[in-house]
1. According to the square roots a ≥ b ≥ c of the eigenvalues of the Cα gyration tensor, what is the shape class of the stretch 153-206, taking rounded for a/c under 1.5, prolate for a/b larger than b/c otherwise, and oblate for the remainder?
2. What net charge do the residues around His112 carry, taking every other residue with its C-beta under 13 Å from that of His112, with Lys and Arg at +1 and Asp and Glu at -1?
3. Toward the positive end of the charge dipole of the stretch 78-315, about the Cα centre and with charges on Cβ (Lys, Arg +1; Asp, Glu -1), which of Thr80, Leu281, Phe100 goes farthest?
4. Treating only the Cα positions of the chain as identical point scatterers, give the base-10 log of I(q)/I(0) from the Debye formula at each q in 0.13, 0.14 Å⁻¹.
5. Return the whole-Å distance between the Cα centroid of the stretch 228-259 and the Cα centroid of the stretch 74-92.
6. Can you sort Ile121, Ile150 by how many other beta carbons sit within 10 Å, fewest first?
7. Taking the Cβ of Ile121 as the centre, find all other residues whose Cβ is under 10 Å away and add up their charges (Lys, Arg: +1; Asp, Glu: -1).
8. Could you give the alpha-carbon Rg of the stretch 208-265 over 2.2 N^0.38 Å, rounded to two decimals?
Amino acid sequence: MEQSTTPEALRHRLEDLKQTLNEYAYQYYVLDKPTVADSDYDRLYHELEAIEQQHPEWITSDSPTQRVGDQLLEGFDKVTHSEAMYSLGNAFNHADVDAFIDRVTKQAGREHVQFMCECKIDGLAVALTYENGQFVRGATRGNGVIGENITTNLKTIKSIPLRLRQSVSAEVRGEVYMPKQSFVALNEERDELGLEPFANPRNAAAGGLRQINPKAVAKRNLNVFLYGAVYTEDFMPESQAELFTQLEEIGLRTNPLRQLCSTKEEVKHYIETISQQRHDLPYEIDGVVIKVNDVNLQQELGFTVKAPRWAIAYKFPAQVETTIVRDVEWTV
Ligand code: NAD
């Protein structure tokens, strides 16, 4: 594609990108039926971000870069999150990760910053609220500020305890996912019934959680990993590492494939090791999340409009690039 640099052409491209990305997001989040690979979506998103960075005066509120999260669905009660559920900034290569580490280390004014590296589970973010140890409410991320109340459906996930091992009041956050084995079985069943297969386990999990009939949800064999919480006086770990220990102590499921890293080389090594292991894991991951370990430093760094400044998601390159079904034309 021949790239022109005239402002008119660039402006045109920006409008096309916004329209296309909004359409893809609708297919992905609302219909749970993506028509392009995530890497294609990310590439176009990145291009839009670059144009907007060059021309901030062109940014409009309907741009996909200005959203915290997904679109809201009808059919479930709405829940206002006690603290927004953010997305994550993306890194597509080691240089992006190194730049993130450099930026955080500089802003922290420290010589070294410790990072918790985790698998990026390809699922659906949820918030679980416990009052005095009792599971009272579960919600999707929704648009990040308001989510859908899916408590009844989440109760079908056996690894979500209805009562914690301690009488704690806390809102914990994590990812609901569909194990690969359940995904294959589900698509075989759908094939026999003449139904369209799900594109990936994430979409099957998302579709599963939004079913109106909890019995149908239970059949999807969903599972959960917790990795976050809303911090309060009652629930305030000092670090991401300590958060995991506390989540486990109160009876919540966490992913053991995590590692504290103190240097760029260690982070790189973690990414490479997980990249090699990912196909043998019983669940899909689409990258690695790198988080500042120290909670005080996380709070100092804060958030942008849509993502924490103290974390980044390294996305694996796509194994097989799908053909873009409907790409935008470059108009000169
Ligand atoms: P994201 O998937 O890039 O990352 C943020 C999410 O990661 C969090 O909300 C959380 O749900 C999840 N996560 C998993 N493991 C985690 C961990 N250990 N710690 C913290 N978070 C963890 O961002 P998003 O806003 O959820 O989705 C945007 C992505 O969706 C795009 O980058 C694109 O790949 C995909 N998408 C694809 C299409 C398409 O048509 N194919 C359309 C829209 C979006």
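What follows is calculated from the coordinates using simple rules that are stated; it is not laboratory data. From a predicted model like this one, the values you see are computed outputs, not experimental measurements. Positions of Cβ are backbone-derived with ideal geometry, glycine not excepted, and every protein chain shown enters the neighbour counts.
1. Prolate, since a/c reaches 1.5 and a/b exceeds b/c.
2. Summing Lys and Arg as +1 and Asp and Glu as -1 gives -2.
3. Most positive-ward Cα: Thr80.
4. Values, matching the q order: -1.08, -1.25.
5. Centre-to-centre distance over Cα atoms comes out at 19 Å.
6. Working: Ile121 26, Ile150 23.
Neighbour counts put them in this order, fewest first: Ile150, Ile121.
7. On the way: positive: Lys120, Arg202; negative: Glu118, Asp122, Glu175, Glu284, Asp286.
Around Ile121, the surrounding residues sum to -3.
8. 1.54
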